[in-house]
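Colleague: To start, I am sharing the structure in question, which I have written as structure tokens.
Please treat every number below as a calculation from the coordinates, not as lab data. Everything numeric in this text was worked out from a predicted model, so none of it was measured. Cβ placement follows ideal geometry from the backbone for every residue including glycine, while neighbour counts extend to all protein chains displayed.
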Amino acid sequence: HEIITIVHARAYVREVKETFHDDKSRYAMFLTIMKEGKARRDIATAVARLKELFHGYHNLIVGINKFLPPHHYIRLQGDDNEGEESFVSTAAFIEDTK
């Protein structure tokens, strides 16, 4: 079982930035969603917005799920796995995206 750390969070943020290097507005939206999610402490809304933003980007969905509690996972089509990883708090991840 992998323990998710701030190093992982930073690597994931870099992955999102690199994925959207040709579409800076999508990366900016990612940062906005994360900051608003932290401010409101509304994980469900943030996850719903991320699901829409990351539609078609399987790697980003798999990546964000590593930081979410299982009941907030974004389900991939045909994915029945619950996952058994340890998670850093979503708030810590969101804090690191500032």
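Colleague: State which residue pairs qualify: first residue on the phi > 0 side of the Ramachandran plot and inside segment 28-42, second residue of a type outside the set (S, T, Y) in any location, beta carbons under 8 Å apart, and separation of 6 or more residues or different chains.
Modeller: Here the result reads R41/A91, each pair linking segment 28-42 to a residue that is of a type outside the set (S, T, Y).
Colleague: If you don't mind, another one. Out of segment 40-77, which residues are among the polar types (S, T, N, Q) and surrounded by 16 or more Cβ atoms within 10 Å (Cβ to Cβ)?
Modeller: Across segment 40-77, the qualifying residue is only N65.
Colleague: Next up: When the residues of segment 1-33 are filtered to those that are outside any loop (DSSP other than H, G, I, E, B) and among the acidic types (D, E), which remaining residue is nearest to H72 (Cα to Cα)?
Modeller: E15
Colleague: Anything in segment 1-27 that is surrounded by 16 or more Cβ atoms within 10 Å (Cβ to Cβ) and among the aliphatic types (A, V, I, L, M)? List them, or say none.
Modeller: I4, A9, V13, V16, listed by residue number.
Colleague: Only residues that are outside any helix (DSSP H, G or I) and either closer than 13 Å to V16 by Cα or over 9 Å from the mean Cα position of the chain (by Cα) (or both): list them for segment 34-73, please.
Modeller: Correct list: R41, D42, F54, H55, G56, Y57, P69, Y73.
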